[in-house]
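Take a look at the structure below.
The values are calculated or read from the model by the stated rules, or taken from the named source; none is laboratory data. Not measured: the values here are computed from a predicted model. Every residue, glycine among them, receives a Cβ derived from its backbone with ideal geometry; neighbour counts consider all protein chains shown. Accessible surface areas use protein heavy atoms only, side chains included; no ligands, DNA or RNA. Shrake-Rupley method; radii C 1.70, N 1.55, O 1.52, S 1.80 Å.
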Amino acid sequence: MKKNRVIEFDPRERILEKAKKYVGSLDLFSEEADQAIPVLLKALKYADRDLKHSIMVVLGSFAKEELVWPLHDVMTDPSENEEIRHDAAIQLSVIGPFLKDPQPLRDKLLKDVENSDAEQRLHATFALGWEGNFQAAIPLIGRLYDSEVRIQQTAVDALCNLRDDRILGLLLDRLDHGSLEQKRSILFNLWRFYSKAEEVKKVYLNYLDHEDAELRFDALVCLGPMTVVQEYLEVYRRCLKDEDGRIRELALKRLAEQGGESVLESLRGEIEPLLKDSEINVRKAALKILEKNKDRFRGSIDA
């Protein structure tokens, strides 16, 4: 008697090989979209991290509606790699505003952010952060006070992604009362409130005098793209004397990049002593400025 043999129609290896071809050629994917989409959705179960990421990106660009729930399954799967779960959350936040009807996804994520599992809350918080998702504002505000610091930070990112200037006041309050990690996250997001640029610049300038060196450094990092060095010479003069070497170094680099001869000449008295700074990177940055203007500062270099 012959034994019945079960022939697997789509073995794992075959699905993965097909998936690699589709993500490797968008032309092929477009030509065979009706076949490619089901294959890529199946491959999500078996692919390694890199292939899963590529599949998410391709499907997120061409098959948003079909991808929503498979992505949610990946994001909420506790057995899945944490980086993959985060990738899925990112893709959900990207495709959310483009869904024909985002309400079912929104409702599901709003339940997820209340989950007792911290990882579930973390990824759902990120996924809710898409532009115009104002229904998520109050639940996300609640996550600012989550017991997990990572979720507090992620809530800041998600709230800023909503692109609602009304949130700025709340974030400034948390900037005064939140944890150090949350304060840093807020500082790195404030620049995104474009219509409130002057108010945000004042916040960064105030934080340059903060007692915590990490926050002073973050404020200087964020202030740079929003300002012109020449208009804030006194600020940079103070930064050159800051007790934190990273701040002195960054101030010197900004001056080297943007400061003209007149600016550097006006700060010569603050730059020259830094040739003997305790931090080698500060000494190098100071020497670079002085060498660039060696004719003007010849005595300083020779000394």
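When nucleic acids and ligands are ignored and a 1.4 Å probe is applied, residue 241 ends up with an accessible area of around 140 Å².
Expressed as a whole percent, the accessible area of the chain that falls on carbon and sulfur atoms is 50 (1.4 Å probe). Applying Stokes-Einstein at 37 °C and 0.692 mPa s to the Kirkwood radius of the range 1-150, computed over alpha-carbon pairs, gives a translational diffusion coefficient of 198 µm² s⁻¹. If the viscosity is 0.890 mPa s and the temperature 25 °C, what Stokes-Einstein diffusion coefficient in µm²/s follows for the range 160-303 when Rh is the Kirkwood radius over Cα pairs? Estimated diffusion coefficient is 151 µm²/s. For the range 93-100, putting each phi into the Karplus relation 6.51 cos²θ - 1.76 cosθ + 1.60 with θ = phi - 60° gives couplings of 5, 6, 8, x, x, 9, 6, 4 Hz, in residue order, rounded to whole numbers and with x for Gly and Pro.
Given R₀ = 30 Å, what would the calculated FRET efficiency be for residue 48 paired with residue 117, taking r from the Cβ atoms and rounding to 0.05? For R0 = 30 Å, the calculated efficiency reads 0.75. Computed over protein heavy atoms with a 1.4 Å probe, the accessible surface of the chain works out to 54 Å² per residue. When the C-alpha to C-alpha distance is required to be over 22 Å, the pairs from 52/100; 64/196; 20/45; 21/100 that qualify are 52/100; 64/196; 21/100. With the gyration tensor restricted to C-alpha atoms of the range 57-115, the semi-axes of the equivalent ellipsoid amount to 17, 15, 8 Å, longest first. Report, to the nearest 10°, how far helix 149-161 tilts away from the longest principal axis of the Cα atoms in the chain, using its own Cα long axis and a range of 0 to 90°. Roughly 90 degrees, rounded to the nearest 10. Entry note, the chain: relative contact order of 7 percent, from Cα contacts under 8 Å with a spacing of 6+ residues.
Given their separation in residues at 0.36 nm each and the Cα-Cα distance between them, residue 14 and residue 192 gain 59.6 nm when the chain is fully extended. The translational diffusion coefficient of the range 130-194, from Stokes-Einstein at 37 °C and 0.692 mPa s with a Kirkwood hydrodynamic radius over alpha carbon pairs, comes to 287 µm²/s. In plain terms, if you count all Cα to Cα distances in the chain and split them into 20 Å steps from zero, the share in each step is 27, 39, 28, 5, 1, 0 percent. Does anyone have the angle between helix 49-62 and the longest principal axis of the chain? Alpha-carbon axes, 0 to 90°, nearest 10? On a 0 to 90 degree scale, this one is about 80. Using a Gaussian network model of the chain in which every pair of alpha carbons under 10 angstrom is joined by a spring, one finds that among 214, 119, 279 the greatest mean-square fluctuation is at 279. Here residue 292 is the anchor, and the lysines within straight C-alpha reach of less than 26 Å, apart from those fewer than 8 places off in the same chain, are 241, 253, 276, 284.
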